[in-house]
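What follows is one structure encoded as structure tokens, with my remarks underneath.
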Amino acid sequence: MLASRIDHLVITAPTLAQGVQYLSQALGVSPQAGGVHPRMGTHNCVLRLGPDLYAEVIATDPDAAAPGRPRWFQLDDASWNDRPQLATWVVRSSDIRAAQAVAGISNGEIHAMTRGELEWLITITEDGGLTMEGAMPAFIQWSASQHPAASMQDMGCSLIGLESHHPEAPVIDDMLRRIGFEGSFSAHAVPAGMQPYLVAHIQTPGGTRQLGTIGGR
């Protein structure tokens, strides 16, 4: 049976330092160093939110060669990627190809990716953009049996719940039903023309904090 869960949250930023500062100020804890993504020309830092869940801060790697294609998570759109923000989320599937086949809406093609010793499959749009303004998650399937969050430093943070606010909230709910999703996520409809946004509620050592704001910008 197809099963899917939240894998990680994606915080994009013009630079990695700006993204780390945003996350640190919002949650009161700092993420740890991640690594580089050779195929995308990006690098990241990560923060554990559970044994199989984390937040990722990602930005263009100024020391990397241009990838020869648009970078993922809309990082090449300078007018949009002008500040750190909770941009989108990623859903882990027991069978990424089956999930993509039944989702009912395309979130890109499946690509094989690496970061250090980590290997995984993930959906990426051809133009590098975010599907449904980030409300529609990318799909991921890890190659190793142990989730990478299991080896991350435990900073005492955990995800309470993730909210998506989008004019087409029922479309998101239908997609999640199709892929066998289970997890603390809720989709809320907003008026047409309103900027969609995500809000993540996170338990930290300093109390409940949140990532994302109304309007997302």
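The values are calculated or read from the model by the stated rules, or taken from the named source; none is laboratory data. Everything numeric here is computed off the predicted structure, so don't read it as measured data. Glycine gets a Cβ as well: all are built from the backbone with ideal geometry, and neighbour counts include every protein chain shown.
Conditions tested, residue by residue: (1) aliphatic (A, V, I, L, M); (2) touching a residue at least 40 places away in the same chain (Cβ under 8 Å); (3) touching a strand residue (DSSP E or B) at 6+ places or on another chain (Cβ under 6 Å).
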residue: 3; (1), (2), (3): yes, yes, no
residue: 10; (1), (2), (3): yes, yes, yes
residue: 28; (1), (2), (3): no, yes, yes
residue: 41; (1), (2), (3): no, no, no
residue: 44; (1), (2), (3): no, yes, yes
residue: 67; (1), (2), (3): no, no, no
residue: 88; (1), (2), (3): no, yes, yes
residue: 101; (1), (2), (3): yes, no, no
Next item on the list: State the number of residues belonging to region 37-69 that are touching a Gly at 6+ places or on another chain (Cβ under 8 Å) and either surrounded by 17 or more Cβ atoms within 10 Å (Cβ to Cβ) or in a strand (DSSP E or B) (or both).
Entry: 11
Next item on the list: Among the strands (runs of 3 or more DSSP E) lying completely within region 141-215, list those that include at least 2 residues that are over 20 Å from residue 4 (Cα atoms) and either touching a Cys at 6+ places or on another chain (Cβ under 7 Å) or aliphatic (A, V, I, L, M) (or both).
Entry: 197-204
Next item on the list: Considering only region 165-199, state which residues are of a type in the set (Gly, Ala, Ser) and closer than 25 Å to residue 209 by Cβ.
Entry: 169, 183, 184, 186, 187
Notebook entry, point to check: List the pairs whose first member sits in region 107-136 and is surrounded by 14 or more Cβ atoms within 10 Å (Cβ to Cβ) and assigned to a loop (DSSP other than H, G, I, E, B), whose second member is modelled with pLDDT of 95 or more and among the aromatic types (Phe, Trp, Tyr), and whose Cβ atoms are under 7 Å apart, counting only residues at least 6 apart or on separate chains?
Noted result: 107/139; 128/72; 130/73
Note to self: Can you tell me how many residues within region 70-106 are assigned to a loop (DSSP other than H, G, I, E, B) and under 22 Å from residue 36 (Cβ atoms)?
What the structure shows: 8
